[in-house]
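First comes the structure, then the notes that go with it.
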Amino acid sequence: MLQLQGYSTEPLASVRYDLANNAGTLTNLEGYVTGQWFATNLLAFTTNWFECLDVPLTNGVNTITLHATDLAGNVSTTVTKRCRSMTLCTLRS
């Protein structure tokens, strides 16, 4: 199992992800916005944390595609990461 955590500099309406591995393909799985930081000098939310919990990895290559939607309905550029189970897997946009 993988616990995927990250953040966005835009307020998020939703976080979804897809997973493809030897067991098959799962799409549109739910992630969660877990926190927000409000910068009082900017009067705006500047950091928004999210998690995708218990991502079921298998042996071999696991491809994770992350979809983040902001409050205006814009979907972010998709970040895809291929990682092997039991290996540290870092996503960078």
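Listed values, structure above:
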{"item": "Selection from the range 1-38 of residues that are farther than 14 Å from residue 54 by Cα and of a type in the set (Ser, Thr, Tyr)", "result": "7, 8, 9, 14, 25, 27, 34"}
{"item": "Boolean, residue 68 is open to solvent by less than 40 Å² (accessible area, probe 1.4 Å) and either in contact with a His (Cβ under 9 Å, 6 or more places away or on another chain) or over 19 Å from residue 4 (Cα atoms) (or both)", "result": "no"}
{"item": "Residues within the range 35-57 that are open to solvent by less than 80 Å² (accessible area, probe 1.4 Å) and free of Cβ contacts under 8 Å to residues at least 40 places away in the same chain, tallied", "result": "4"}
{"item": "Hits in the range 55-91 (condition: touching a strand residue (DSSP E or B) at 6+ places or on another chain (Cβ under 6 Å), assigned to a loop (DSSP other than H, G, I, E, B) and at pLDDT below 70)", "result": "78, 89, 91"}
{"item": "Meets criteria (at pLDDT 90 or above, surrounded by fewer than 17 Cβ atoms within 10 Å (Cβ to Cβ) and in contact with a Ser or Thr (Cβ under 9 Å, 6 or more places away or on another chain)) for residue 18", "result": "yes"}
{"item": "Test for residue 46: is it of a type in the set (S, T, N, Q), part of a strand (DSSP E or B) and modelled with pLDDT of 95 or more", "result": "no"}
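The values are calculated or read from the model by the stated rules, or taken from the named source; none is laboratory data. Note that this is a predicted model, so its numbers are computed, not measured. Glycine also receives a Cβ, built like all others from the backbone with ideal geometry; neighbour counts cover every protein chain displayed. These accessible areas exclude ligands, DNA and RNA; they are computed on the full protein's heavy atoms, side chains included. Shrake-Rupley method; radii C 1.70, N 1.55, O 1.52, S 1.80 Å.
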